[in-house]
Structure formats: structure tokens, C-alpha cells
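Data first, discussion second: the structure below is written as C-alpha cells.
The values are calculated or read from the model by the stated rules, or taken from the named source; none is laboratory data. These numbers were taken from a predicted model, which means no experiment stands behind them. Note that each Cβ is placed from the backbone with ideal geometry, even for glycine, and that neighbours are counted across all protein chains shown.
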Amino acid sequence: MSFREQSELQAENDALYEALRNAEERAIAGQLALETMHEIRNPLEALGNLTFLTQQEAEDPERVRQYMSLAEEQIRNGSRVASKTLAFARSSRVLQRADLVGVAEAALRIHQPTIQSKKVRLVKCLPEELVGEVHVGELLQAMSNLIANALEALPLEGALHLRLRRRSDRMQILISDNGHGIPEEHMKKIFRPFYTTKEPRGTGLGLAITKSIVDKHGGSLRVKSSIRAGKSGTTFLISLPGIVPAV
């Protein structure tokens with residue numbers, strides 16, 4: 001194969017990889033929207049009930065004031081969920097000042113059905129706020145990919161740990177599980193595009209995309225894993241530069 005043919009093939013592969021990455025990002029955005037709608041449904045149902053009660057007891061001003069106070073609380077709950085989600089609708093190609101805790105919570109929301117169905121014990125260690133300049137949509141995609149991998153590796157009633165922290169001028173995201181672990185022979189290959197041990201279900205893109213997103217942020221992605229009986233599990237550590245102090 002000539003150098004020109006190799007260059008053309010590489011360009012085609014790069015274009016395919018980017019198209020697949022964009023498709024996965026849209027799929028994650030769709031999952032987030034679906035789970036957000038489930039979360040918003042509760043305050044909407046509560047508002048409906050409060051409206052009915054207000055109409056039934058319209059002649060009692062004290063009752064009406066109580067129902068309206070509760071209604072305002074439900075409106076604030078719905079607005080809070082919607083506001084957090086709208087941030088992910090913006091272009092992920094643009095760096096945005098964002099709270100990584102909100103991104104992490106959104107990533108967990110995407111996988112809530114799996115967490116519940118597998119009865120996973122979720123352990124969160126999150127600060128009140130961890131603000132930085134990031135590509136919000138892409139970082140959501142990276143966290144979601146790692147959480148999805150952890151959940152797939154977990155047995156019924158396994159444990160998923162999510163931790164965010166500051167370390168000097170770095171922002172760190174740790175996602176770990178006590179699943180089956182990654183064998184040594186696979187460790188050096190897991191970030192290669194299209195490398196998968198999950199055929200025919202896996203695409204081999206999740207970890208490769210995650211690493212490319214972390215690299216784009218000027219960060220690093222490290223992994224530790226064990227397959228030892230009783231001590232098996234995997235931990236991914238994302239380290240990102242550039243903490244922006246909260247104001």
C-alpha cells in the first residue's frame with residue numbers, strides 16, 4: 001500500500017471514528033433527556049393534585065395558601081432539574097464554565113434504571129461544587145461511558161463508587177467498581193479504537209472515546225484493575241487541569 005493510500009485510509013478511519021463518537025454523544029443526550037423527563041414528571045403530577053385540591057377547597061383561604069406554597073416548591077424542583085439539564089444542550093465544542101458535580105449527577109441519572117435493576121450500592125463522595133472550564137457534553141459522555149462499563153462489570157448488588165475532588169491545580173474524577181476486573185493481557189489494549197472483549201455487543205469505542213475526550217481537555221486517564229478473587233474490581237481516574245475558583 002502506497003503512502004497516499006495509507007493517508008486516505010487513515011483519513012477515512014478518522015472520519016468514521018468521529019461520526020461514531022458524535023452518534024454516541026447524541027445517544028447519551030437522548031438518554032439524559034428521557035431520564036430528566038421521568039424526574040420532572042413527579043413535580044408535574046404533584047402540581048396537578050394541588051390544583052385539584054385548590055379548586056375543591058377554593059372557599060378556604062388558609063388551605064389555598066398552603067396548596068399554593070406547596071405548588072411553588074414543586075415548580076422550583078422542576079425548574080432546578082430543567083436548568084441543570086439545559087447546560088448539556090449547548091455545543092460541547094465550546095469550553096464552558098461548569099460544575100462537574102452537576103455533570104456527574106447527570107451521568108448517574110442516565111444509568112439510573114440499570115443501577116436500580118441491578119440493585120447496585122451507589123457510594124458518592126462529591127464536594128458541594130467543583131467548577132472548571134470544560135466541554136460539558138463531552139465530559140458527560142466520558143463519565144457516562146465509564147459508569148456504563150462499571151455497571152456492566154458489576155454483579156447483582158455490587159458497588160459503584162463515584163468521587164470528585166480537588167488536588168492542587170487538578171480536578172479528579174474517580175469511578176470504581178467491585179466487578180470482575182480486567183485481565184492483564186487486555187490492559188494495554190482497552191483504549192484502542194474498536195478493541196472489544198464484548199462481541200457481538202461491544203463496539204470497542206467507549207474507552208477510546210473517553211480517552212480522546214480527556215486528552216482534548218489536556219488531562220490524563222489512568223486505570224487500575226484486579227481480577228483476584230475477593231478483591232476484584234476496576235478504578236478509572238480522570239485528572240483534568242484548570243480549576244476555576246467558585247465565585
Residue match in segment 162-172 (condition: in contact with a Lys or Arg (Cβ under 6 Å, 6 or more places away or on another chain), of a type in the set (S, T, N, Q) and crowded, with 16+ Cβ neighbours inside 10 Å):
yes
Count - residues of segment 108-128 that are among the β-branched types (Val, Ile, Thr) and over 17 Å from residue 148 (Cβ atoms)
1
Take the conditions modelled with pLDDT of 90 or more, assigned to a loop (DSSP other than H, G, I, E, B) and closer than 19 Å to residue 109 by Cα and apply them to residue 152. Does it pass?
no
Please determine, by comparing only the residues of segment 175-190 that are in contact with a strand residue (DSSP E or B) (Cβ under 8 Å, 6 or more places away or on another chain) and surrounded by 17 or more Cβ atoms within 10 Å (Cβ to Cβ), which one is modelled with the lowest pLDDT.
190
If you check 157, 105, which single one turns out to be free of Cβ contacts under 8 Å to residues at least 24 places away in the same chain, assigned by TED's automatic domain parsing to the domain that holds residue 205 and surrounded by fewer than 18 Cβ atoms within 10 Å (Cβ to Cβ)?
105
Members of segment 138-150 found to be surrounded by 24 or more Cβ atoms within 10 Å (Cβ to Cβ), among the small types (Gly, Ala, Ser) and more than 14 Å from residue 212 (Cβ to Cβ), listed by number
144, 150
